[in-house]
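Quick notes on the structure that follows.
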Amino acid sequence: MRLVLQYVQTDGYTYSCVRTLPVDYESAEALMLDLLAEARAAAAEGRGMKFLGQSFSTSHFCEQLDPEDNDLYEAIAEPGRFKAANVWWMEVQPDIYTLDEWFAAQGVGPAEKASA
């Protein structure tokens, strides 16, 4: 299935940009699950990510949470939050579109047919 993956690249302070990557994958759901599984594994091992033949920073898909709030994270379960290498993280889900959805989101519709 032809998909478009969009995620935010940032250093957290001075810049951010939206990255767009065309992807051929079995489904949008499978892409999201596999991508976030790799992000969690990379966070747990303290390494960068390699996915779809591309290199990513773990921070593109996981945000390291403030260690001063560790007791709060332990007490309150929240979907997408996980502990890896003794640090709490929150998943940052990218946007995944089909080609038609992506073009519609950009405000680009089908070309008008010229009347003959």
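Every number in this text was worked out from the coordinates using simple rules, so none of it is lab data. Quick caveat, the model's predicted, so the values are computed rather than measured. Don't worry about glycine lacking a Cβ; one is built from the backbone with ideal geometry, like all the others, and counts go over all protein chains shown.
If the condition is being touching a Ser or Thr at 6+ places or on another chain (Cβ under 7 Å), surrounded by fewer than 13 Cβ atoms within 10 Å (Cβ to Cβ) and under 21 Å from Ala104 (Cα atoms), then segment 3-43 contributes no residue at all.
As a summary of the residue check, Tyr7 satisfies the conditions (1) of a type outside the set (Asp, Glu); (2) outside any strand (DSSP E or B); (3) in contact (Cβ under 8 Å) with a residue 60 or more places away in the chain except for the one numbered (2).
Every residue, every condition in (1) in contact (Cβ under 8 Å) with a residue 60 or more places away in the chain; (2) more than 26 Å from Met1 (Cα to Cα); (3) not in a strand (DSSP E or B), yes or no:
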site: Gly12; (1), (2), (3): no, yes, yes
site: Cys17; (1), (2), (3): no, no, no
site: Met32; (1), (2), (3): yes, no, yes
site: Arg40; (1), (2), (3): no, no, yes
site: Glu68; (1), (2), (3): no, yes, yes
site: Tyr73; (1), (2), (3): no, yes, yes
site: Pro79; (1), (2), (3): no, yes, yes
site: Tyr97; (1), (2), (3): yes, no, no
site: Gly107; (1), (2), (3): no, no, yes
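For segment 42-56, the set of residues classified as in contact with a helix residue (DSSP H, G or I) (Cβ under 9 Å, 6 or more places away or on another chain) and either among the aromatic types (Phe, Trp, Tyr) or touching a residue at least 24 places away in the same chain (Cβ under 8 Å) (or both) consists of Ala43, Gly46, Phe51, Leu52, Phe56, listed by residue number.
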